[in-house]
Amino acid sequence: MSTQTVQEGGSSTRSLFERLRASPFLSQLLSNRLALAGILIILAMLAIAIYSRFALDLEVISQSQLGTNPNRAAPSLEYPFGTDGQARDLLPRVAYGAWYAMLYGSITVGASTILGVGMGIIAAYYGDVTDNVIMRSMDVLLAFPSLLLALALVSIFPDELGLWRAVMALTLVYTPRFARVVRGAALTVLEDEYIDATEALGATDPRILVRHILPNTLAPITVQSTLNFGLAIIDLAALSFLGFGASAGTPSWGLMLSNGVSLGLLTGVWWWSFFPGLFLALTVLGFNLLGDGMRDALDPRMREAVD
């Protein structure tokens, strides 16, 4: 009996891998070299982020190391990324910045996705007054440049929140983008006859929204989330660069860039801003490449245009 169970489990596992291998989406995505490069970059940054979170001591890399390490040391074998004005080794600080980018970027994108998807589906399904109230509110938010609106919103929250106030501000900024994309996709789904049949059978509104409309809008949601992930990381860094994000001493890429530009470049200490800027650019590039590849794989019209 146990042998039969193992065989059944093995066959189900093989069938799962076969289904994944036969998936048109995955085959199209993995055949896109740029998308594959984006996946590799993201996996590398994710590995660095996880390693830094559990292997590095945040208090140690945040505190001044004057008297322990050489001050403003150039990149060398001992200090590959050099040291900063507080004699802190930049390599562990830049590596730990990947954890902040992935963590707060995920929270920002996740929260804005949930809010935007909920508003977009509700606006499309109920229409009329509900649609006008929700979408006109979203249009007002979209009328402002994203970074300018984020700066206005982030100033409302207390400084003690640190990066969390940047997360809350960017969540509100990104929500209208998801709401508009999802509303358009949901309106297309609502034109299908099976929605009318489901309503005729007595299905409740929540069931129709969650079981029928939401699954059919996952493609644009996934692409928008992936593209917004890179945007969230760079906007979080921008807010920290401008002094509205991470607090002093935090190993945030944006804050390190700010210190490097204001204190390092003018004195020839280029490595203060070069290495955090390089990691930031690579991470954003990885998510942009993956998002473009997912869009091409999920949109047949885009595939035809590319072919």
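Some notes on this structure:
- One residue stands out in region 260-305 among those that are open to solvent by 20 Å² or more (accessible area, probe 1.4 Å) and among the polar types (S, T, N, Q): the one that is modelled with the highest pLDDT, namely Asn288.
- As for region 188-198, it holds no residue that is outside any helix (DSSP H, G or I), more than 24 Å from Leu282 (Cα to Cα), in contact with a helix residue (DSSP H, G or I) (Cβ under 9 Å, 6 or more places away or on another chain) and of a type in the set (Phe, Trp, Tyr).
- Among the residues of region 199-211, the ones that are closer than 15 Å to Tyr126 by Cα and part of a helix (DSSP H, G or I) come to 7 in all.
- Looking only at region 204-248, and only at residues there that are open to solvent by 20 Å² or more (accessible area, probe 1.4 Å) and over 23 Å from Gly118 (Cα atoms), the one that is farthest from the chain's Cα centre (by Cα): Ala248
- Enumeration of residues in region 89-127 that are in contact (Cβ under 8 Å) with a residue 12 or more places away in the chain, of a type in the set (A, V, I, L, M) and open to solvent by 30 Å² or more (accessible area, probe 1.4 Å): Leu91, Leu103, Ile107, Ala111, Leu115, Met119, Ile122
- The set of residues in region 119-174 being in a helix (DSSP H, G or I) and among the β-branched types (Val, Ile, Thr) consists of Ile121, Ile122, Val129, Thr130, Val133, Ile134, Val140, Val154, Val167, Thr171, Val173.
- Contact map, region 223-235: first residue closer than 10 Å to Leu170 by Cα, second residue open to solvent by 40 Å² or more (accessible area, probe 1.4 Å) and not polar (S, T, N, Q), Cβ cut-off under 7 Å, separation 6 or more or different chains; pairs are Asp235/Leu147.
- Among the candidates Thr83, Thr130, residue that is within 26 Å of Phe244 (Cα to Cα), of a type in the set (Val, Ile, Thr), open to solvent by less than 60 Å² (accessible area, probe 1.4 Å) and without any contact (Cβ under 8 Å) to a residue 40 or more places away in the chain: Thr83
- Residue in region 152-164 that is out of contact with any Cys (no Cβ under 6 Å at 6 or more places or on another chain), open to solvent by less than 20 Å² (accessible area, probe 1.4 Å) and over 27 Å from Gly291 (Cβ atoms) present: yes
- With respect to being assigned to a helix (DSSP H, G or I) and out of contact with any Pro (no Cβ under 7 Å at 6 or more places or on another chain), Leu257 falls outside the description.
- Checking each residue in region 61-80 for being open to solvent by 30 Å² or more (accessible area, probe 1.4 Å), touching a residue at least 24 places away in the same chain (Cβ under 8 Å) and touching a helix residue (DSSP H, G or I) at 6+ places or on another chain (Cβ under 9 Å) picks out Ser62, Arg72, Ala74, Pro75.
- Filter result for Leu285 (without any contact (Cβ under 8 Å) to a residue 24 or more places away in the chain and assigned to a helix (DSSP H, G or I)): no
The values are calculated or read from the model by the stated rules, or taken from the named source; none is laboratory data. The structure displayed is predicted, hence computed values, not measured ones. Backbone-built Cβ (ideal geometry, glycine too); neighbour counts: all protein chains shown. The area values use the complete protein model at the heavy-atom level, side chains included, leaving out ligands, DNA and RNA. Shrake-Rupley method; radii C 1.70, N 1.55, O 1.52, S 1.80 Å.
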